[in-house]
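Asker: Please find one structure pasted underneath; my questions will follow.
The values are calculated or read from the model by the stated rules, or taken from the named source; none is laboratory data. Quantities reported herein were computed from a predicted structural model and do not represent experimental measurements. Note that we place each Cβ from the backbone using ideal geometry, even for glycine, and neighbour counts take in every protein chain shown. Heavy atoms of the whole protein, side chains included, go into the accessibility calculation; ligands, DNA and RNA do not. Shrake-Rupley method; radii C 1.70, N 1.55, O 1.52, S 1.80 Å.
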Amino acid sequence: MTVRTRADYEHMLSAVGVCTSARVPILIWGNPGEGKTAVIESAAQRGWHVESLIISHYEPSDFAGLPVVTPDGAVNLAPPGWARRLADHDGPSIAFFDEFSTASPSLQAAALRPLTHFEVGSLKLPETVSFVAAANPSDVAAAGWELAAPTSNRFVHLDWEMPLEVYAECMVTDQWPTLPVHDTPLDLGTQVRAIKVMVSGFLNARQTQLSSIPKSAADRGRAFPTPRTWDYAARLLAFAQTVEAHKATQRLLVAGCVGDAIAHEFLTWLGNQDLPDADELLAGNDFDFTKVRPDRVYVILQSVLAAVIRETTAERWTRAVEICSRAAAAVGIDPAVPAVRALVRGGLRPPTATLPPDIKVFGAALSLAGLLK
């Protein structure tokens, strides 16, 4: 999405804030001199510690650690100062990798482990650290490099552009935009599980979209769907909904994870779902599965499974198996097998839970999996 209006800019800024607050690595693409660095560093006004690195000025050892021989003859990977300062800060912080596209492939590769494992040399960074990177498009970058697919796939990609309306006002008022960061919502975990159910349902219906790596080098340097970026999308969409971010911000976040086309398809599919409440089903409310599409049946049963995991009792477990059995009898076992298989295995079943007779509809499938005698 190209930012052209004040509203577009504010939605984009909100998306950056959600990524930063949710600790999902983000890469901001935009022309030089449009305020990317200033906005990220403005988080310091909210008590966040910011370490800004122009990444091309560093060596791979500044991210992988510098080998140091210890007195006992072992080799330790000593972390650099920027990583130690992040680890020592008591509170939220940002590691900001500026001019990321000017980093050589070896530097980009060295930065991968901090992004996903929070490790710099032998130092383990706290989970309060957020990774933000900024880059200029290749046609305007100084000695820029295309990002390799393993590198680009570790980021959420957002396009940055400052509209004239925003710039003109800030020039007069001297009140420049700041990064809108959030505290972690208390009920975030519940919302993340709910969105993961929907992602699972969509991918069950559109299995080719689980992982789709673009063919061109330029496209591989931006957002595309993989299991990692679908996880990013679920976490960010849940966070955005919990803090009541605008729908446009939510769309930017999903598109920044999996690409525009797939994001549009997923969000359209999501908007067309009208599903019963899982807790009400577990409480005994009846539901007619006979006229429901299999992909929607799958989502309903996955939401029931998630509700049982969230609050496991013998009565809810038995009721969940009954719901799965009734759905299988109505539309076939295929959309119901994943949920009932998860209920039966993995120690989820409470010791006092009874096995309902209707589970016999899954007899062959569960027997092949070694889950039912």
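Asker: Are any residues in region 65-91 under 26 Å from the mean Cα position of the chain (by Cα) and buried (at least 21 other Cβ atoms within 10 Å of the Cβ), and if so, which ones?
Answerer: A83, L86, listed by residue number.
Asker: Test F287 against the stated conditions and say whether it is open to solvent by less than 10 Å² (accessible area, probe 1.4 Å), more than 27 Å from I28 (Cα to Cα) and over 15 Å from the mean Cα position of the chain (by Cα).
Answerer: The answer is no for F287.
Asker: Quick check on this structure: which one of T184, T178 is closer than 19 Å to L27 by Cα, among the polar types (S, T, N, Q) and part of a loop (DSSP other than H, G, I, E, B)?
Answerer: Working: T184 fails: closer than 19 Å to L27 by Cα.
Every option except T178 fails the conditions.
Asker: Would you check which residues across region 30-47 are open to solvent by 20 Å² or more (accessible area, probe 1.4 Å) and either in contact with a Ser or Thr (Cβ under 8 Å, 6 or more places away or on another chain) or part of a helix (DSSP H, G or I) (or both) and list them?
Answerer: T37, A38, E41, A44, Q45, R46, listed by residue number.
Asker: From the list I323, I309, pick out the single residue that is under 22 Å from D295 (Cα atoms), in a helix (DSSP H, G or I) and open to solvent by less than 20 Å² (accessible area, probe 1.4 Å).
Answerer: I323
Asker: Restricting attention to region 145-168, and to residues there that are of a type in the set (F, W, Y) and open to solvent by 20 Å² or more (accessible area, probe 1.4 Å), which single residue is modelled with the lowest pLDDT?
Answerer: Within region 145-168, the match that is modelled with the lowest pLDDT is W145.
Asker: Now a separate question. Can you confirm whether L86 is within 29 Å of S212 (Cβ to Cβ) and either in a helix (DSSP H, G or I) or of a type in the set (F, W, Y) (or both)?
Answerer: No, not satisfied.
Asker: How about region 264-284: which of its residues are open to solvent by 80 Å² or more (accessible area, probe 1.4 Å) and closer than 26 Å to R220 by Cβ?
Answerer: Selection gives H264 alone.
Asker: So which residues in region 345-358 are under 25 Å from P294 (Cβ atoms) and surrounded by 19 or more Cβ atoms within 10 Å (Cβ to Cβ), if there are any at all?
Answerer: none
Asker: Give just the number: which of (1) surrounded by fewer than 21 Cβ atoms within 10 Å (Cβ to Cβ); (2) hydroxyl-bearing (S, T, Y); (3) not in a strand (DSSP E or B) does S14 not satisfy?
Answerer: With respect to (1) surrounded by fewer than 21 Cβ atoms within 10 Å (Cβ to Cβ); (2) hydroxyl-bearing (S, T, Y); (3) not in a strand (DSSP E or B), S14 is out only on (1).
Asker: To continue, here is another question. So, in region 236-263, exactly how many residues are open to solvent by 40 Å² or more (accessible area, probe 1.4 Å), at pLDDT 95 or above and over 16 Å from S14 (Cβ atoms)?
Answerer: 0
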